[in-house]
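The values are calculated or read from the model by the stated rules, or taken from the named source; none is laboratory data. These numbers were taken from a predicted model, which means no experiment stands behind them. Using ideal geometry, Cβ is built from the backbone for each residue, glycine included, and neighbour counts are taken over all protein chains shown.
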Amino acid sequence: MNTPTNMHAGSLEDIRRLAKGELSMRARIGYVALLLVAAAMTVVVLSLWLTEPALPARTQAAFGVMSLIGSAWVSFAVWALTARRPLFARDAVIAGNLAVVFTSVFVVGAFGAVILSGAAAASGALATGVVMLAVAVWNLFGARRRHAALAARRRELESALRTG
Amino acid sequence: MSTNSERFEAPADELLAIRCQLGERAAFDALIARWHEPVWRYLRRLANNDDVAGDLAQDTWVRVLRGVGSLRDPAKLRSWLFGIARRVAMDRLRFEYVRRGADDLELDELPSDDATQDLEADLATIDTALAGLPISEREMLTLFYLRELSLADIALMLAMPVGTVKSRLYRARLELRRALEIRGAIT
């Protein structure tokens, strides 16, 4: 009977190549970055759209389209990180740290805009940024908890296997 | 009921699954090295065709790599892995059934007949007899004897009570025995 090592399709080498693509860290972090940037862009556009008084119809339509595009990118990134390139425990901790840093920068920027301009749009962005920062911190703690639990179980098993 | 190998290998399987869930790239290499061939052979038994088994193995591994991070009970790695392979194979068979009709579904590719030694000849006979069994009996014998899954693992994988697995296994053994008798391999 044949073995999978001497076949064209589905050989061990094929599967290793497949795994290399599937497990690409760059792709995972890329989707995380896309999610953060798209979320930030959408928040800024929505804040401007909802707080600027008496905008012309064309500008309103433009803001609406930009918000839709931003939301679509957010949805795509969430889908990719759920179904296509799910984050493993270590990736989730890295992504969590990235999200906390990014949302912190966003909050500081929005806070600066509120101080300098006092615009309602900046206040809206700041409020939403604070919520995003809270979600990012919550996610980071969850990711660290999960990583710690898995690492502890790993140590238990390694110890049990060593002692036989 | 658990086999000896399962008793010793289960913690190693769980450790491998946990290392994958942590995201260690070396663990994925080890997972593939450990399980690709058993999975491929199982799929080969179901499909009776090397090329189809290769395609099915690729689909299986894509699902495994995407799903292992959310595997709830890493200790069940083995039954989870074969459960995915089974679903992939059944989806393909269902698709082929609709596309070609049941008559053409199992155009068996028989094992090579270049065996020169008695043992190889015996194995080839069993292989041929196994390939001629209905898919449910073939699957049951493959999982229990060739993949060494426990009755509990098979029950979990096929979502059926252990008693049903036992009775199906018993029926599959009878079918195989009959097929071997027909071929004159046993009397």
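Quick notes on this one:
- Residue selected from the stretch B:8-61 under the condition aliphatic (A, V, I, L, M), facing another protein chain (nearest Cβ under 7 Å) and closer than 26 Å to A:A148 by Cβ, by the criterion farthest from the chain's Cα centre (by Cα): B:L22
- Scanning the stretch B:67-78 for residues that are more than 13 Å from chain A (Cβ to nearest Cβ) and buried (at least 20 other Cβ atoms within 10 Å of the Cβ) yields a single hit, B:R78.
- Qualifying residue in the stretch B:104-116 (condition: of a type in the set (G, A, S) and modelled with pLDDT of 80 or more): no
- For A:E156: the one exception among (1) more than 14 Å from every other protein chain (Cβ to nearest Cβ); (2) surrounded by fewer than 16 Cβ atoms within 10 Å (Cβ to Cβ): (1)
- When A:V137 is tested against (1) more than 14 Å from every other protein chain (Cβ to nearest Cβ); (2) closer than 23 Å to B:V68 by Cβ, only condition (2) is not met.
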